[in-house]
Amino acid sequence: MELRIAPQMSVMDKLKILGAAAKYDVSCSSSGSSRRNDGQGIGNTVAAGLCHSFAADGRCISLLKILFTNECIYDCRYCANRCSNDVPRAAFTPDEVCELTMEFYRRNYIEGLFLSSGILYSPDYTMELLCETVHKLRTVHRFQGYIHVKAIPGADPRLIQRAGYLADRMSVNLEMATAEGLRAIAPNKHRKNILKPMRQIQNGITENKNEITLYKHAPHFCEAGQSTQMVIGALPESDYQIMSVAENLYDKFSLKRVYYSAFVNVNEDKDLPTLAGGPPLLREHRLYQADWLLRFYGFKVDELLTEKRPNFNIAIDPKADWAVRHLEKFPVEINRADYQMLLRIPGVGVKSAGRIVAARRFGNLTFEDLKKIGVVLKRALYFITCNGKMMYPTKLEENYIVQSLTYQNQMGRGEKLPFLADGTGYRQLSLFDMDGFDDKRTIAG
Amino acid sequence: MEEKYLICEDSLEGIFTGIYEAYALREGHTHVHMQIGEEENLRLFATYRYIPPDPVKTDKVAQTLKRRLGEHTYHALCRAAASCYRDKGEAVYRTVVDALTAGSGRRVMENLKNPHVARCFELARFTANEAHYETEFIRFQELAAGDSGENRILFSKIGPKNNVVPFVMPHFADRLSIENFMVYDENRKLFGVHPAREAWYLVSAGEDFNLQEFPLSEKEEKYQELFRAFHRTIGIKSRENKKLQRQMCAYRYQDYMTEFAQEGKNEA
């Protein structure tokens, strides 16, 4: 079959259309893969990933994120490329994608390629195109940088297998947290079809690890693992539902990352909400914070949220929220507490907890030392003691601490949120109930 | 006792030679201090000694530090020595004393209770962070010298606060091993040069050097345009947040970056 979508279009126009069409895909990370250059072509990968630029919305640009084509046979309600939309359509050729990737990469604009696609003719046909493109990039151009390829749900498992051996990371988007949600919003997609390639990739990675232990030079299969994304705020799912799904994906599907994407009603679909205050950015931010707590801080979803309390307090971060509801565990003595407990103190991160454990071998730490170590004292001071003393006398009382923390946030002196100054998201904070606030905010001492 | 100030050159050689001389004095370390370059206000009751950099002594110090403290700590000290702050000499010297003489050894960088170690740690982190940002934000341009084949040259100009070129080069030497490329630090007039398939090296251009604009290759403009277009289209309008963009990628980097160059002109 031949591609007949606007063949006369210039690469510039295609890039504009297919770059714009890919922008709602959140994943742009280039991490998880570490590979040195072999001296035959260009490229290597860095385990931590590199962000090469930042777009006007402040999100990082790490990969050349494009759709192969925005032609699509599906009609998902949230998607700008659904077949019932009258938008300009375009398709790259494999050579054009290769050329763009190589030339951008040489100039250090990008860390690699993120290739997704609308469904052209059929899932198999589309997946085949993606495979061909990536294969060309790896073999003809000897590109050794990062490649992220979408697994098209419903495509032949052999094609997905083939793509996995060429790519660093693969992903299948879950789209909605619940199966019912997906059915309502994307009539052509089925939960089962999404989980199937996800499981296949997971098994592929596990088998490949065993292979590599046996044969050192065996080819790598999705070295950087797989990721997925969920749309937030299009349907009335609770944070508890969303986080439980995420936890399941981490535990049962060994995913590297779950991304959350604040819903933007691009189609102005009448059955989907129009969100007056813009996309629910603050909620998205809280979910990411909780996601970090799951992955790096040893928290479980059931500790953070319950059926009875299914949503995060949007005014303070999930970790502080957990801490004020578990005051019986505080204050924590910095010089004695174990690493796991240090991690649970608001204002102490993975790095500073590690530094505390290392530095206290040389002597007792003081608040002054903690400051140098990088602990955020204005948040931590309610929860810690150094050598048995608090920084200054404060009440260990839920309401008092919550109010002090939210007051700091309100004044712009507390938590650094990524979107306060430009207005977006700030209004959501000022809705917070402020009764009896003023007389308590002065901090004793 | 009288305070002694060793005045060292602003370079890794300068600082390491200074450390060698400080130990060679055999007077303990309480009253010996290190200073980078001349200071305007001289202290009373202090003697000043100028220490010229010496490659042999530098090498001895480097070998000792590597052997006794390990590569990891040694590199942290090198990063601190590449800092743009003048108190780096004293910080690095005192950290070495803490490691070798006070006995914290390989773990010295963890002893953040010691204010000099904390400062050295801070300086090293600043250099490491900036080097990391530069590996991300460096933009190469293809020069006209070789539009085709083996002769093509990639060139990049940066203006970092710290001396990061030596820390940035290994990354690109691996990644772009088959390319000829140069990274030019405009603040230090320092070139990092990598000929294709060979080892990279540094060239100091000297104080009076003025960089001439090189003519660009034929296709260069096209790819710059394409990337600018991509950069514009990938942002989501309803999430626009210039402050966050600036926070993640400071203006001082944006000044050297292809995708921001044009934007500035359009606004003006």
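Every number here is computed from the coordinates shown, using simple stated rules; none is lab data. A quick note: this is a predicted structure, and the numbers were derived from the prediction, not measured. All Cβ positions, even for glycine, are placed from backbone atoms using ideal geometry, and neighbour counts span all protein chains on display.
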| note | In a Gaussian network model of chain A with springs linking alpha carbons closer than 10 Å, the residue among A:LYS319, A:LYS16, A:LYS308 that fluctuates most is A:LYS308
| On a 0 to 90 degree scale, rounded to 10, what angle separates helix B:12-25 from the longest Cα axis of chain B? | 10
| Point-to-point label distance, B:GLU71-A:GLU307, nm (Cα→Cβ direction, 7 Å offset) | 5.5
| message | How tilted is helix A:123-139 with respect to the longest principal axis of chain A? Cα atoms for both, answer in degrees (0 to 90, nearest 10). | response | 90
| remark: Counting only backbone N atoms under 15 Å from a point 7 Å out along Cα-to-Cβ of B:SER204, the residues of the range B:66-98 in range are B:82-83
| remark: From fewest to most C-beta neighbours within 10 Å, the residues B:ASP98, B:ASP174 line up as B:ASP174, B:ASP98
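Between rounded, prolate and oblate, where does the protein assembly as shown land on the alpha carbon gyration tensor, with a ≥ b ≥ c its root eigenvalues, rounded for a/c under 1.5, else prolate if a/b exceeds b/c?
It comes out oblate by the Cα gyration axes.
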| task | Rounding to the nearest 20 debye, state how big the charge dipole of the range A:265-369 is about its Cα centre with +1 on each Lys and Arg Cβ and -1 on each Asp and Glu Cβ. | result | 440
| said: Cut-off is 10 Å between beta-carbons; in what order do A:ILE205, A:ILE401 appear when sorted fewest neighbours first? | reply: A:ILE205, A:ILE401
| note | Note: probe point = Cα of A:GLU99 + 7 Å toward Cβ; backbone nitrogen < 19 Å; residues of the range B:221-258 passing the test are B:221-231
| task | Hey, could you grab the Kirkwood Rh for the range A:176-326? Inverse mean 1/r over distinct alpha carbon pairs, Å, one decimal. | result | 17.2
| Gaussian network model of chain A, Cα springs within a sub-10 Å range: biggest mean-square fluctuation belongs to which of A:GLU99, A:GLU368, A:GLU180? | A:GLU368
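Checking the a/c ratio against 1.5 first, then a/b against b/c, what shape does the Cα gyration tensor give for the range B:3-132?
Rounded is the answer for the range B:3-132, as its axis ratio a/c remains below 1.5.
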| For the cross-link pairs A:LYS23/A:LYS351; A:LYS319/A:LYS416; A:LYS351/A:LYS371; A:LYS196/A:LYS252; A:LYS150/A:LYS189, which exceed 22 Å when the distance is taken from alpha carbon to alpha carbon? | A:LYS23/A:LYS351
| field | Helix axis angle, A:281-296 relative to chain A longest principal axis, alpha carbon, degrees | value | 80
| Going by a ≥ b ≥ c, the root eigenvalues of the Cα gyration tensor, does the range A:3-63 fall in the rounded group (a/c under 1.5), the prolate group (a/b larger than b/c) or the oblate group? | oblate
| request: Compute the distance in nm between two label points, each set 7 Å from the Cα along the Cα-to-Cβ direction, one at A:ARG142 and one at A:GLN8. | output: 3.9
| note | Candidates A:HIS148, A:HIS285, A:HIS326; GNM for chain A (alpha-carbon contacts under 10 Å) flags as most fluctuating A:HIS326
| task | Let me have the 222 nm mean residue ellipticity of chain A computed from DSSP H runs of 4+ only, each contributing -39500 (n - 2.57), with the sum over all residues rounded to the nearest 500. | result | -11500 deg cm²/dmol
| request: Please get the size of the charge dipole for the protein assembly as shown, origin at its Cα centre, with Cβ charges of +1 on Lys and Arg and -1 on Asp and Glu, quoted in debye to the nearest 20. | output: 1760
| note | By Cβ neighbour count within 10 Å, fewest first, A:LEU255, B:LEU154 rank A:LEU255, B:LEU154
